[in-house]
1. Quick one: is B:ALA143 in contact with a strand residue (DSSP E or B) (Cβ under 8 Å, 6 or more places away or on another chain) and at the interface with chain A (Cβ under 10 Å from one of its Cβ atoms)?
2. Tell me, which residue of the stretch A:44-67 that is among the β-branched types (Val, Ile, Thr) and within 14 Å of chain B (Cβ to nearest Cβ) is farthest from A:LEU199 (Cα to Cα)?
3. Looking at A:GLY70, A:GLY41, A:GLY103, can you tell me which residue is more than 14 Å from chain B (Cβ to nearest Cβ) and of a type outside the set (Val, Ile, Thr)?
4. B:GLY163 passes all but one of (1) part of a helix (DSSP H, G or I); (2) on the phi > 0 side of the Ramachandran plot; which number fails?
5. Under 7 Å between Cβ atoms, at least 6 apart or on separate chains: pull out the pairs that start in the stretch B:237-264 with a residue that is at pLDDT 95 or above and end on any residue that is of a type in the set (S, T, N, Q) and exposed (fewer than 15 other Cβ atoms within 10 Å of the Cβ).
6. From the list A:LEU244, A:LEU208, which one is in a strand (DSSP E or B), touching a residue at least 60 places away in the same chain (Cβ under 8 Å) and not small (Gly, Ala, Ser)?
7. Mind listing just one residue for me: the one in the stretch B:202-220 that is within 13 Å of A:GLY85 (Cα to Cα) and among the small types (Gly, Ala, Ser) and, of those, surrounded by the fewest Cβ atoms within 10 Å (Cβ to Cβ)?
8. Considering only helices (runs of 4 or more DSSP H) fully contained in the stretch A:41-121, which possess at least 1 residues that are more than 20 Å from the chain's Cα centre (by Cα)?
Amino acid sequence: MSAVCFDRVRLALGTRTVLDDVSFAIADTEFVGVLGPNGAGKTTIMRAILGLLAPRAGHIAVLGQPARRGNPALGYMPQARRERGLHLRGWDFVAAAGTAAWGLPWRGKAERAAVDRALDLVDATALARRPLAALSGGERQRLLLAQALLGEPKLLLLDEPLISLDPHRQAEVVALVRDVQRRLGIAVLFSAHEVNPLLGAMDRVLYLGAGQVALGPVAEVITGPVLSRLYDTPIEVLELRGRLFVMSGTQDMERTPHPHAQGGHGNGREVQHARL
Amino acid sequence: MLAYDFMRHAFLAATIVGVLAGAVGWFLVLRGQTFAGHALGHVGFTGATGAVLIGIAPLWGLVGITMLGGIAMGLLGERAGERDVAIGVVLAFALGLGLLFLHFYTAYASEAMALLFGNVLGVSAWMLRVLAGLGLAALAALALIARPLLAASLQPELAEARGVDPRLVGVLFLAIAAVAIAESAEIVGVLLVFALLVGPAAAAQRLTPRIGAGVALAAALAVAESWGGLAAAYYTDWPVTFWIAAFSAVGYLAAGLVGRTAGL
């Protein structure tokens, strides 16, 4: 059974088409890096899998069933980081934001054990005794991962977990996710706007660009010909000491700040061309 | 002090309202909606003076209009930047309208004073029953929405993915907050609802990093500060509301010092 299966899917935000006629399937124990420049649709694809955005055309199956909101088999780490509740203890934060059912707020034994288990999986039991305000960005990231793991999900959607972390912490987060994914035997979609931190860890890469996607092993997808076809413009991939650089002309595509990042204006294809 | 009926009523009313205001205030502070709470108090002033004008008890106008205002604010949503400006404009208009109603109803200037600065010593047995009934209903509702409310406050996107509608939760919460604000206004007046809603809750957040303990502590502080205010007013003959506001401020500052030495 596939963790995620897109069948000729079209996704749009307002009048802007983000993905058009896209089909791919992700296996149920795969670690897939979701890559592409800002605005290419990484968050949109995750929201569609979560059932928060209905496809305009085509069909999305998640773990063999149509995508639906509130699916307990999905774990999600959103990109937006809130600066609320910083005085709260890590444990309370994980427990509070991880469970959302209506009803009385008392936590039973089973629920407390589930929180402890999720914290243990990401090795954050000690961290969780401290208030969020006293934790570093990488440490908070581990708590967010614990939150996503509550409820024993079969598929984890992690939206830009590496944002605003230094390279050393980035490597730690990637290694931790890879370890948890292998131990639990689950599927992970891990979005990032740079490929290098994920190079050793991911099984395959889902590259988004100009309304289309390419899915496959890094060596087959992050290549000049594939990305050039995806963007409809000449792109070169340079390899230097085990790191990849995706270049359009003289620009490093993954490092250039995107002027229309998440602006949601205009056509995706136009935005791409304007940048390239 | 407790030999007098009005003092016993005042202590009971302060207890009921303190528990509700403390608990609701804790969430209000967590969500960064204290300004909305302040504004709802002012909107309530219009409701109360309007109720007086048409000849019903001010409390009903207060509760009715704050609830409508809370629901409207919740529906307007979370665009924080515009929100403060919109709330400020509505707030000023509401107070102006309240003044107009007072202008038409010129019989008692003391009525206006009671609305603006509270009248805890004038709580009747009937009023006490109403405060208790509304207060319990609001607390029960808060308990029922506590989980989705926490999730939607801390991580709205995650809560949404788990099937919560953050906007619905926000509207329900502001409707509950409106009851807490209306009840607080009966004790300390619309101008000083902060003293019961925000002071104790903010102090509690400085003192404990736990959720359950924080809510309980906020309620306990609000009750203790109200009781202290009543007792101090009894012995000094200064206004109760002054004392409650003073204890609220002292509690907040002291919590900062205690929290800092405890390393929180």
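The values are calculated or read from the model by the stated rules, or taken from the named source; none is laboratory data. A quick note: this is a predicted structure, and the numbers were derived from the prediction, not measured. All Cβ positions, even for glycine, are placed from backbone atoms using ideal geometry, and neighbour counts span all protein chains on display.
1. Answer is no for this residue.
2. Filtering first and then ranking leaves A:VAL62.
3. Within the list A:GLY70, A:GLY41, A:GLY103, the selection yields A:GLY41.
4. Looking at each condition in turn, B:GLY163 falls short on (1).
5. Filtered contacts from the stretch B:237-264: no entries.
6. Answer to the selection: A:LEU208.
7. Going through the qualifying residues, I end up with B:ALA202.
8. Once the helices (runs of 4 or more DSSP H) in the stretch A:41-121 are filtered for at least 1 residues that are more than 20 Å from the chain's Cα centre (by Cα), what remains is A:90-98, A:109-121.
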